[in-house]
Amino acid sequence: MAAFSRKRIVVVGDTIADQFVYGEISRVSREAPVFILRHEHTETTPGGAGNCAANLAALGAEVRLISVIGDDEAGRILLKKLGAAGINCEGLVVSSERKTTTKVRVLAGQVHSTRQQVIRIDYDSEPAISPDEREQLFLGLREEMKSAKALIISDYNYGVIDVPLTAAAWYAADQRGIPSLVDSRFRLSEFPRFTSATPNEDEIAQLSSKPLSNDAELEAAGARLLEQLEYRSLLVTRGSRGMVLFEEGNQPTHIDAIGSRQPVDVTGAGDTVIATYGLAIASGASFADAARLANFAGGIVVMKRGTATVAAEELLACISRYKV
């Protein structure tokens, strides 16, 4: 962890505005059988690739973000939040033709009760990225990869990541001999030959085209995927059941979850995991040690509400608390 601050990490992917609308339940509507919420406050935080970048910055890394957002209110808020987090956004394309992908979560509760999520509304950016915007992404990628120590692809399937950009990113990382990692929502099969990836158990089951009912089936599916995609390692997250690390030539390593078995909020936890895992690998950690660090970070962030980050000091404190 002492080397985290000396590492420049490039994050490429879909930046999302995670918006949380908090309200107090005041009464039941006479118009329909629904609650009426009295608005309390609204919070907007970087999600997707933006959250991955924010977690890297919170851990002390120097971060370069390559992405596209809209020239709208949500995009302007994101730019401000990303800048305040210390993230370099020179590779962030602001488009007047697109709206910023936004996920609105409405959280409601009684006067003195904890607010709970009752609905999520997604505003997707539907227009395809224009050739000019795509060229700007390529230019930013080529420039930032010149001094990068690791590459992280954060693919939420909102249009930023396509085959040519993926190929260019992988080639740049391969030429420099730096780690390349992928977090992709159900498209992992389209990202071969990267160093590692961090799918969850459901994504492994989807790629296997069958449910995984026990550890043996998960181990078999993970081993097949590791070989098929030619990765050096594969870190599968399992929520309250921890993680499983697959490596070339080694038996799967099961890592127990840290902390409470009842998470407060899992929003963005995968971004925290790949940020910590990738930064640790870039800093010289083995895959196993990097996975254990990521497990600690994941255990911390799921106990926070909303899209959150983990600071280096929190991670060190957590390690010290559980160290035997």
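Per DSSP helix of 4 or more residues, -39500 (n - 2.57); summed, then divided by the residues of the chain. What does that give at 222 nm, rounded to the nearest 500?
The helix contribution divided over the chain gives -11000 deg cm²/dmol.
Which value results when the Cα radius of gyration for the chain is divided by 2.2 N^0.38 Å? Let's see the in-between values first.
Numbers: Rg = 19.7 Å, N = 324, 2.2 N^0.38 = 19.8 Å.
This ratio for the chain stands at 1.00.
Given the chain, what count of lysine pairs have C-alpha atoms under 27 Å apart, with each pair 8 or more places apart or on different chains?
The number of close lysine pairs in the chain is 18.
For a quick check, take a GNM of the chain with Cα springs below 10 Å and name the residue from Pro199, Pro33, Pro127 with the largest mean-square fluctuation.
Of Pro199, Pro33, Pro127, the most mobile in the Gaussian network model is Pro33.
Which order, highest average first, do 214-220, 225-231, 46-52, 109-115 follow once you tally other Cβ atoms within 10 Å for each residue and take the mean per peptide?
46-52, 225-231, 214-220, 109-115
Count the DSSP beta bridges whose two residues both fall in the range 169-324, then state the antiparallel fraction as a percent rounded to the nearest 5.
If we restrict to bridges inside the range 169-324, about 75 percent are antiparallel.
Among the DSSP beta bridges whose two residues both lie in the range 1-67, what percent are antiparallel, rounded to the nearest 5?
70
State in Å² the accessible area per residue of the chain; use a 1.4 Å probe, count heavy atoms of protein chains only, and round to the nearest integer.
Per residue, the chain has an accessible area of 46 Å².
DSSP beta bridges in the chain, what fraction antiparallel, as a percent rounded to 5?
Within the chain, antiparallel bridges account for around 45 percent of the total.
Counting only the heavy atoms of the protein chains, how much of Asp18 is accessible to a 1.4 Å probe, in Å² to the nearest 10?
10
Identify the trypsin sites (Lys or Arg not before Pro) of the range 265-324 meeting these criteria: DSSP loop state and at most 11 other C-beta atoms within 10 Å of the C-beta.
Lys323
From the Cα gyration tensor of the range 48-127, with a ≥ b ≥ c the square roots of its eigenvalues, which class applies: rounded if a/c is under 1.5, or else prolate if a/b is larger than b/c, or else oblate?
Oblate, since a/c reaches 1.5 and b/c is not below a/b.
Give, as a single signed number, the net charge of other residues whose beta carbon lies under 10 Å from the beta carbon of Glu201, with Lys and Arg counted +1 and Asp and Glu -1.
So the surrounding residues net to 0.
Leaving out ligands, DNA and RNA, what percent of the accessible area of the range 131-183 is carbon and sulfur, probe 1.4 Å?
55
Would you compute, for the Cα atoms of the range 150-198, the largest minus smallest coordinate along each principal axis and list the three values in descending order, in whole Å?
Dimensions of the range 150-198 along the principal axes of its Cα atoms: 28, 21, 15 Å.
Cut-off 10 angstrom, C-alpha nodes, Gaussian network model of the chain. Which of Ala297, Ala285, Ala84 fluctuates the most?
Ala84
Show me the three semi-axes of the equivalent ellipsoid for the range 7-62, from the C-alpha gyration tensor (sqrt of 5 times each eigenvalue), largest first, rounded to whole Å.
Details: eigenvalues 293, 26, 6 Å².
Rounded to whole Å, the semi-axes are 38, 11, 6.
The values are calculated or read from the model by the stated rules, or taken from the named source; none is laboratory data. If you're wondering where the values come from, they're calculated on a predicted model, not measured in any experiment. Glycine also receives a Cβ, built like all others from the backbone with ideal geometry; neighbour counts cover every protein chain displayed. These area figures cover heavy atoms from the full protein model, side chains too; ligands, DNA and RNA do not enter into them. Shrake-Rupley method; radii C 1.70, N 1.55, O 1.52, S 1.80 Å.
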